Structure formats: structure tokens, C-alpha cells
Number of protein chains: 2
Amino acid sequence: MIFSKACEYGIRAAIYVAQKSLNHERCSMKDISKEIDSPEAFTAKILQKLVKADIIKSVKGATGGFEVGIKEMKKIKLTDIVIAIDGEINEKKCVLGLKKCSEDQPCPVHNKYKFIKKDVLSMIHNTSLSEMSNSVDAGLSCLKI
Amino acid sequence: MIFSKACEYGIRAAIYVAQKSLNHERCSMKDISKEIDSPEAFTAKILQKLVKADIIKSVKGATGGFEVGIKEMKKIKLTDIVIAIDGEINEKKCVLGLKKCSEDQPCPVHNKYKFIKKDVLSMIHNTSLSEMSNSVDAGLSCLKI
DNA sequence: ACTAAATAGGATTAAATTATCCGAAATGAA
DNA sequence: TTCATTTCGGATAATTTAATCCTATTTAGT
């Protein structure tokens, strides 16, 4: 409804990597796609995007894998992950697809939707990778099934 | 972000038909797709779905077109239009794509997203075709550009 | 040096969504 | 009756998104 499939996988993958990093463990692509229940090859592509966007770090070679620093994960927000995977977010986009939709020239749903849009943008802008991975680590939330 | 392209067109089309009906005018598919700025053939398909779902009424033949009763448009909600076009709405769907995500077993975003989801569902469930078309008719909102 | 295991990246395929085309059927008007 | 205009419905095409395949490169361990 709000995220693309690639984003859903990407967010879950980032959280899993972060949670492992909290426990000083590095994880492989196969491990990740198994633990978040996502297609391997597709997940690999998404992980590459996260690496290029400096959201997670990759280590090549036999004992390689993915990880993310504890300091870094505090700064990384949901927004950053979404942008890394789907590209820039158009915050002006009209819910009914009008090219111009604003307070001055609103679509018929604008005045109801604007609060929802504000809440969504605020949520993805304020939710950090750190708090999500800590929530999983504490057993308060999960990433699979 | 929330509606498919087909839904965007469909909602705009329904509002346009309703607004014309408020003024006792029937409108053709070409008229509709011109006035809401949408592709003709694709819009025609969507209009057929709205007709089959009894959201708008069609009249065949030379002076035919689409219309909707004033009493009917009060009962029709955004939800009905979305279901007619995209099929049933899965209100349980997890924002991160988990198969099972609930209060008992939440994903890491569940507790923040649940309020947004509630607001979205409440909006589409409560917003009527009547109020949207009246808003356009009163010049308070628009459907084009 | 060799091997196994890992990431990186290009090419390709599959599926879903968006969009078009065309002919049939209906119908009001000349 | 004939014609122009309209909705209806099936088939098809184009685009975007999702997913896979295969090979190259890196690197720790033996």
C-alpha cells in the first residue's frame, strides 16, 4: 500500500543486518534472505543498492557479508532506505494523480489526505534503523512470517 | 503512494460523472477522459468496471453516456470505487510485507503504521462520491491539471 | 597455489500494471 | 432504413516492477 516490494525486502534486510551488528555478527546474503523470507537473487540486488547508498557496509571474500555500525544505524532513517531503493520521494505527489494539487488548487481528496501524507512522511523521516533493530533484538517485533 | 494509476483515473472519472449528474448532464467516455486528463481506451476499461459494480450507470447508443443518481452518490464511498477497480482491500496487509503481522506479533513498524493505516481506511470508508462531486461543483476543488 | 564461500554486476526472464486497437452491439436522429 | 455516435468486450502491446541466471572478482583457510 505504501512501500514497493523491493522496499519491503530492503527495509527488512537492513533491519536484520543491523540487529546482527548489534550482536557483533556479520551476515551473508543467503542468511539474510533466509531469515527475512525473501528471494535470494532479488535481495542481493537490493543489498547492493543499500551498500552504494552507504546504508550498510559489505565485506567481500570467504568470511565476508554485510554489517552496519551502531553509531551509523542511529542516523539512518526509513527515508534513506526508501530513497536508496526506489529513488527520491515526491512529497508533492497528488493522491489522485493531478499534476498540480496544492492548498490553492486542491483535488477533491487533498484536504483529507494531507494529514495522512504528513504522518507518513513524518514516520519515515523519524524512524531510525537503530530503533527498529533494537525492537527486533529485544523480541518486541519480528521480521519473518 | 496509496492508489494505483487505474484507481486514480477511476476516482476522478466517478467524481466527474457525478458532478455532471448534479447538473443533470450525462457525459461520454471521450468527454470524461478529456476533462480528467486520462488515456481514453484505458479510461473506457475502468468505466466498465465502475458500471459492473453499480457505481455509475451507462446508457448505450448515440446520445448515451454515463451518469449517477444523486441519491446513489451519497451512498457510494471511495472504498467502493477502489474495490471495483483493484479488488478487495486487504486491511490486514503488513507495511513491511510480513505474512503475519498483528498486535501480538508485530513487524518493527507496526506500532507506528497502525494509526496511519487506520486513518487511510477511515478516510476511504467515509468519503462519499457525493461530497467529492459537490466540492468540485462548488469550485472548491478540481479534477484536471 | 588451490579451493570454497562470499559480494558485484551484467544480461535476461517473468509477472503485473498500464495502455491501445478493433470490431460488435445498441440507439437516437436524419 | 441508414448513419453517426455511443458503450461493450476481447485481443494485444508497451512499460514497469519483480525476480532469476550466470560469470567475474575478492578473500580466508588449507
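The figures follow:
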item: Label 7 Å beyond Cα on the Cβ vector: B:Glu40 copy-to-copy distances, nm; result: 5.1
item: For segment A:59-128 and segment B:81-145, distance of Cα centres in Å; result: 17 Å
item: Rounded FRET efficiency, nearest 0.05, which uses the C-beta distance separating B:Lys92 from B:Lys71 and R0 of 30 Å; result: 0.35
item: For A:Lys57, label point 7 Å along C-beta direction: distances to other copies, nm; result: 6.9
item: Exposed-loop-free span, longest in chain B, where GluC sites (Glu not before Pro) count as exposed if DSSP calls them loop and at most 16 other C-beta atoms lie within 10 Å; result: B:26-87
item: Label distances, nm, A:Lys74 versus same residue in remaining copies, Cβ-directed 7 Å point; result: 5.8
item: Residues of segment A:82-115 with amide N under 20 Å of the 7 Å Cα→Cβ point at A:Ser128; result: A:82-84
item: Within chain A, longest stretch free of exposed trypsin sites (Lys or Arg not before Pro) [DSSP loop, at most 11 other beta carbons within 10 Å]; result: A:1-59
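Bear in mind that the values in this text are calculations on the coordinates, not laboratory data. Source: prediction; values computed, not measured. All Cβ positions, glycine included, derive from the backbone under ideal geometry; neighbour counts span all protein chains shown.
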